[in-house]
Amino acid sequence: MLRLSSVVAASLLLAAAAPAAADRGPTQSEAAAIAIKLTAQGFKSWNRIELDPDGPKWKVDDARKLDGKTYDVQLTVGTYEILKMDGD
């Protein structure tokens, strides 16, 4: 009985920790590198940045260009190259 309870408790802890790892934001250095790339591509502001582990890729919501148009942008992990831009 004690062994079964330990297995169940461990499973619950792992299940609770999984979503946190999946939807993490960038570290300070990652955020700076993403900002440099987006600014170089003509973006002046953006909202949420999160790591999509299924790619893996960075997803940037509502990135606004200097002309006022907004895009959802996807960038590679590590090199921060733009993979995709979807206009809003």
- Take SER11 and decide whether it is farther than 22 Å from ASP86 by Cα, modelled with pLDDT of 50 or more and of a type outside the set (A, V, I, L, M). no
- Item | Pair list, Cβ under 9 Å, 6 or more apart: segment 47-60 residue without any contact (Cβ under 8 Å) to a residue 12 or more places away in the chain, other residue of a type outside the set (S, T, N, Q) | ASP54/ALA22
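The values are calculated or read from the model by the stated rules, or taken from the named source; none is laboratory data. Source: prediction; values computed, not measured. Note: ideal-geometry Cβ built from the backbone for every residue, glycine included; neighbour counts use all protein chains shown.
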